[in-house]
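Shown next, in structure tokens, is the structure this report addresses.
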Amino acid sequence: MSTADETLVEGMNREWLEQQVRSDPVSHAWALWDLDHEPGRFRIVSLVRKGQTVGYLLVWYAGGAPRVHWVSSDPADGMLAVGLPLPPVIAIVPERVASAVAERLHATQTYPLDVLVCPGRTLTPPDPRVRRLRPADSKALTELVVRNPDEETASYANLDLDRASVWGAFEADRLAAVARISVQLPTIWIITGVYTDPTFRGRGLGREVTSAATDDALAAGARAALYVRADNAAAQTIYREIGFERVDRRIWIDASADGPR
């Protein structure tokens, strides 16, 4: 679909994307990572204006409703909204377009997400309860997922610990908390899936797995980033104590019968 000056096209100009990652790795890391590591699970719809890419929609298809990241630093987002999938869908968008997108998608729920980055900190001694999970820990990870079958743990089901970067905290030989790196680029690692078994909450385990993942990113010369609900005061406090700072705010728009994932 196009107008005189704008066109929506399938795919991505990789050279343009690599330039954007150098200047703003947090916003563009997902797209570059997916191009190289998640073939067949996503599509990109790019907005091209007068021959130049100015923004895009990154659409994930991983079960349930599609999830869309709206990525554009140009206030004149033009036709991007036209490329949004029809509901059911979850969209993560800039604040400036949130009201219009929520109305367009007939949203059932919206809430703000803070994008946090840890640019550096003094590395801390590792907690003896925490370690990087290896294939031998697959059974323990599966047991954690089976004990807690919900949206937070779904991303860990059938995860290949030979390839995935996951940190786990153990209590009494049971895996009690996890965090993983979903994007691992030279300059930015994105932490997701921070989860603590309800039986073991209140012991600082979520803090420790996040801290361990963060320290590994910093030791590798990268920054660590994560997304957290703006109204999750407890998590916000933990992440800021670790050394994370807010760099952006996005809006989660749920237009899905299944609710938030």
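Can you spot a residue in region 44-57 that is farther than 15 Å from THR7 by Cα and at pLDDT 95 or above?
Of the residues in region 44-57, the ones farther than 15 Å from THR7 by Cα are none.
No, the conditions are met nowhere in region 44-57.
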Open item on the list: Being closer than 22 Å to SER27 by Cα, at pLDDT 95 or above, surrounded by fewer than 19 Cβ atoms within 10 Å (Cβ to Cβ) and not charged (D, E, K, R) narrows it down to one residue among ALA224, ALA213, ALA220; which is it?
Closed with: ALA220
Open item on the list: Taking the conditions exactly as written (in contact with a helix residue (DSSP H, G or I) (Cβ under 6 Å, 6 or more places away or on another chain), farther than 24 Å from MET12 by Cα and among the acidic types (Asp, Glu)), does ASP127 satisfy them or not?
Closed with: yes
- [ ] Six or more apart or on different chains, Cβ under 7 Å: which pairs go from a residue in region 216-239 that's within 14 Å of VAL115 (Cα to Cα) and touching a residue at least 24 places away in the same chain (Cβ under 8 Å) to one that's among the acidic types (Asp, Glu) and surrounded by 15 or more Cβ atoms within 10 Å (Cβ to Cβ)? Could you list them?
- [x] VAL228/ASP114; ALA230/ASP114
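Output the number of residues of region 91-116 satisfying the condition of being of a type outside the set (Asp, Glu), within 16 Å of the chain's Cα centre (by Cα) and more than 24 Å from THR53 (Cβ to Cβ).
Start the filter on region 91-116 by keeping residues that are of a type outside the set (Asp, Glu), which leaves 91-94, 96-102, 104-113, 115-116.
Narrowing further to those that are within 16 Å of the chain's Cα centre (by Cα): 91-94, 111-113, 115-116.
If we keep only those that are more than 24 Å from THR53 (Cβ to Cβ) as well, we get 111-113, 116.
Total meeting the criteria: 4.
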Open item on the list: I need a count of the residues in region 83-99 that are part of a helix (DSSP H, G or I) and more than 18 Å from SER27 (Cβ to Cβ).
Closed with: 1
Task: Residues being surrounded by fewer than 19 Cβ atoms within 10 Å (Cβ to Cβ) and more than 15 Å from the chain's Cα centre (by Cα) - total across region 165-192 - done: 7
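Okay, residues lined up against (1) in a loop (DSSP other than H, G, I, E, B); (2) closer than 20 Å to ALA176 by Cβ:
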position: THR199; (1), (2): no, yes
position: GLU208; (1), (2): no, yes
position: SER211; (1), (2): no, yes
position: GLY221; (1), (2): yes, no
position: ALA225; (1), (2): no, no
position: ASP248; (1), (2): no, no
TODO: Report yes if ALA225 is within 17 Å of the chain's Cα centre (by Cα) and small (Gly, Ala, Ser), otherwise no.
DONE: yes
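For the condition outside the structural domain of ASP216 (by TED's automatic domain parsing), under 28 Å from ILE90 (Cβ atoms), at pLDDT 95 or above and not in a loop (DSSP other than H, G, I, E, B), what is the one hit in ALA177, ALA107, ALA102? Break it down into steps so the answer makes sense when it comes.
Details: ALA177 fails: outside the structural domain of ASP216 (by TED's automatic domain parsing); ALA107 fails: not in a loop (DSSP other than H, G, I, E, B).
Of the residues listed, the single one that is outside the structural domain of ASP216 (by TED's automatic domain parsing), under 28 Å from ILE90 (Cβ atoms), at pLDDT 95 or above and not in a loop (DSSP other than H, G, I, E, B) is ALA102.
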- [ ] Out of GLY206, GLY243, report the one residue that is in contact (Cβ under 8 Å) with a residue 24 or more places away in the chain, on the phi > 0 side of the Ramachandran plot and either in contact with a helix residue (DSSP H, G or I) (Cβ under 8 Å, 6 or more places away or on another chain) or surrounded by 15 or more Cβ atoms within 10 Å (Cβ to Cβ) (or both).
- [x] GLY243
Open item on the list: Please pick out the residue among THR237, THR196 that is touching a helix residue (DSSP H, G or I) at 6+ places or on another chain (Cβ under 9 Å) and at pLDDT 95 or above.
Closed with: THR196
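Just wondering, is there one or more residues in region 142-150 that are in a strand (DSSP E or B), in the same structural domain as ILE191 (by TED's automatic domain parsing) and at pLDDT 95 or above? Let's see the steps before the verdict.
Here is the first cut: in region 142-150, the ones in a strand (DSSP E or B) are none.
Scanning region 142-150 turns up no residue that is in a strand (DSSP E or B), in the same structural domain as ILE191 (by TED's automatic domain parsing) and at pLDDT 95 or above.
Collect the residues in region 132-168 that are of a type in the set (Gly, Ala, Ser), closer than 18 Å to ALA217 by Cα and in contact with a Leu (Cβ under 6 Å, 6 or more places away or on another chain), keeping them in residue-number order.
The first filter runs over region 132-168 and keeps only residues of a type in the set (Gly, Ala, Ser), leaving 136, 138, 140, 154-155, 157, 164-165, 168.
The next check asks that each one be closer than 18 Å to ALA217 by Cα; those that pass are 164-165, 168.
The answer is GLY168, and nothing else.
The values are calculated or read from the model by the stated rules, or taken from the named source; none is laboratory data. What you are looking at is a predicted structure, and each value in this text was computed from that prediction instead of being measured. All Cβ positions, even for glycine, are placed from backbone atoms using ideal geometry, and neighbour counts span all protein chains on display.
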